[in-house]
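Throughout, read-outs are computed from the coordinates displayed, never taken from laboratory work. Keep in mind the model is a prediction, meaning the values are calculated, not measured. Note that each Cβ is placed from the backbone with ideal geometry, even for glycine, and that neighbours are counted across all protein chains shown.
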Amino acid sequence: MKKGTVKQILLITDGCSNYGEDPVAMAALAREEGITVNVIGVVDHDVIDERGMKEIESIAAQGGGISQVVYAKNLSQTVQMVTRKAMTQTLQGVVNKELKQILGSNVTMEDLPPEKRGEIMEVLDDLNETVDLEVLILVDTSASMKHKLPTVKEALLDLSLSLNARTGNNRFSLFLFPGKKKDVEKLIDWTPKLEKLTSAFSKLSPKGLTPTGPALREAIQYIKETSIKGLLTYDGEEFFEESV
Amino acid sequence: MMAKNSLKSLYNIPYGTIIKGKWHKETYKIIKELGSGANGVVYLADWNRKRVALKVSDRQDTITTEVNVLRSLSKAQGMTLGPSLLDVDDWELGDRKVPFYVMEYIEGVDFLTFVRSRGLEWLDILILQLLTELDELHKEGWVFGDLKPENLLVSGPPIRIRCVDVGGTTRIGRAIKEFTEFFDRGYWGLGSRKAEAQYDLFAVAMVIINTFYPKRFQRVATKDGLSQIIEKIEQIPELKKRRKVLMKALKGEYISAAKMKEDISQLKFVRKKRGKQTLSNRRKTREFFISILESLFILSMICLIYAIYVLGKVL
């Protein structure tokens, strides 16, 4: 049984963008392309100001994803939880869409009696376990992120461990912004496991600018160019023709 | 009605709040909070003068998934590890629908508190009970997942271990979704997060270790996970005694909970054997004494007969 692919961008940052396009607009673009954008704000001793908080929430809301601000020490658990929840959310969107087609108008899972919900949940659990997943990780390496990068590395290795326990296939790629010469730089191309990460992070030289918008634009472009066919979106016709 | 509408969070539903189910029309009166986590809050509630535990959550999928697990477990015969499921419904709160489920209220104290207050001899016994239950669970095709002392309640008398949170319970072969770092073999670099019996058995070993390190300890990223745990085992004599079992469980060498159970009851047997040895030693000493007394008696009899003989000759 061939199934579609859930596509996500995971943005890890600690503050507000200050260069290039509006990242919220780029998140809207991502969603149109069937890509979910999740945002994790990492704080340490510092705090994210109101503007930064608002941007983090807006990007995720616009990108159909989940946002969460955490202390660096809790990053591992958050990264895996956010990725999973967003995946469930995407799949639930697909299932709800299907339900509307079968049951008509505005019926969602909540309108069904608990017993029926249970059956649908089983289907959803199956999808969560078996669907293919592509996550493009976009890490902010501006100066203030420097001392948080070892924790980010740990968290990403842990994410790979969690997701690779699933039956479905995973592909990860890692981009940093700002890059050495460009706004964004590819560090690791699509790979099923994030083991190579260990050496990758040590070569970083954090800079001042935070071009979140341009970085998102590049990430969307890259996913469009390189990802495997069989996009899973909210209008997941293709997906359900293949899997059901 | 006023109170209902002003209720902003599910985390502090006041005493006396009536929760009425939309579908099954049962009513529950909130008594107090029993516990809360990232996935919802559990309240003690009154249902027709019976005490029940009621879980509410913002997340529909959390409730539905947990209900599915509880249902499958209650279908399986003899599965008594988790609480039994009583009801599932929605609570209409203004224009919000809050999903909830109701389960058996298990009264008891948490694992660590129990062992601390009742004595260390209960540790192995409770672990044996837990392994018996886990073995059943694994045979039914499930892995408990988020196994930790907070999720283990000791009820009774008769004293029995129960698991109260099935949020992490996963079908064998699937990915574990809920875990706690200290009890997760993935965190220590000692295995995958795929649900299998060994995943739970690793956590059982960590529960035993947690008994002696109530504050737990963290992994140092630069060092190998296993040697850090071994270091901690070596520091506590009671853990050192259990070293062999712990090591096998940590390394994933037990193919089933039953195998681990065998080794733990062996631990007890060794202790008994040592008891027997002292007993037989004592018996040996007594036998030695008796034999000396016997020889003395025989010797004195011979002396007596000889004396009589000599006397007879003289007379």
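Ranked from largest, the principal axis spans of the Cα set of the range B:93-196 equal 50, 41, 26 Å. Net charge of the neighbourhood of B:SER192, taken over other residues with C-beta under 13 Å away and scored Lys/Arg +1, Asp/Glu -1, is +3. Helix A:114-130 axis versus longest C-alpha principal axis of chain A: approximately 50°, rounded to the nearest ten. When Rg and the Kirkwood Rh are both derived from Cα coordinates, the Rg/Rh ratio for the range B:2-104 amounts to 0.95. Evaluate E = 1/(1 + (r/R0)^6) for B:ARG160 and B:ALA38, where r is the Cβ-Cβ distance and R0 equals 30 Å; express this FRET efficiency to the nearest 0.05. Using R0 = 30 Å, I get an efficiency of 0.60. The charge dipole of the protein assembly as shown, taken about its Cα centre with unit charges on the Cβ of Lys, Arg, Asp and Glu (plus for the first two, minus for the last two), comes to roughly 3060 debye.
Applying the Kirkwood pairwise sum to the alpha-carbon positions of chain A produces a hydrodynamic radius of 18.3 angstrom.
Hull volume per residue, based on the alpha-carbon atoms of the protein assembly as shown and their convex hull, is 216 Å³. A simple spin-label model places pseudo-atoms 7 Å from Cα toward Cβ; at A:LEU209 and B:VAL220 they are separated by 4.1 nm. The modelled label-to-label distance for the pair A:ASP22/B:SER84, using points 7 Å beyond Cα in the direction of Cβ, is 5.9 nm. Just to check, using Stokes-Einstein with a Kirkwood Rh over alpha carbon pairs, what's the diffusion coefficient of chain B at 25 °C and 0.890 mPa s in µm²/s? Estimated diffusion coefficient is 106 µm²/s.
A Förster radius of 51 Å combined with the Cβ-Cβ distance from A:GLU32 to A:GLU195 puts the calculated FRET efficiency at roughly 0.95. Highest mobility in the GNM of chain B, judged by mean-square fluctuation with C-alpha springs under 10 Å and restricted to B:ILE302, B:ILE172, B:ILE30, is found for B:ILE302. Each Cα pair under 8 Å and six or more residues apart adds its sequence gap; the mean of these over the residue count of chain B is a relative contact order of 11 percent.
Using only alpha-carbon positions, what ratio does the radius of gyration of the range B:109-268 give when scaled by 2.2 N^0.38 Å?
Values: Rg = 14.5 Å, N = 160, 2.2 N^0.38 = 15.1 Å.
With N residues counted in the range B:109-268, Rg over 2.2 N^0.38 Å equals 0.96.
Grab the beta carbon distance between B:GLU234 and B:LEU267, set R0 = 22 Å, and tell me the FRET efficiency rounded to 0.05.
On the way: r = 18 Å, r/R0 = 0.80.
Between B:GLU234 and B:LEU267 the formula returns 0.80.
Going down the list A:LYS193/B:LYS232; B:LYS75/B:LYS148; A:LYS73/A:LYS180; B:LYS139/B:LYS194, which pairs span over 21 Å between their C-alpha atoms? Too far apart for the 21 Å limit: A:LYS193/B:LYS232; B:LYS75/B:LYS148; A:LYS73/A:LYS180. Mean sequence separation of contacting Cα pairs (under 8 Å, at least six apart), scaled by the length of chain A, corresponds to a relative contact order of 29 percent. Placing dummy labels 7 Å off each Cα toward the beta-carbon, the span from B:ILE18 to A:TYR71 is 4.3 nm. Spatial offset of the range B:41-56 relative to the range A:100-166 amounts to 31 Å, using the alpha carbon center of each. For B:GLY167, the shell of other residues with beta-carbons less than 9 Å away shows a net charge of -3, using +1 for Lys and Arg and -1 for Asp and Glu.
Just to confirm my numbers, what's the Cα centroid distance between the range A:2-52 and the range B:89-116 in Å? First find each Cα centre; the distance between them is then 35 Å.
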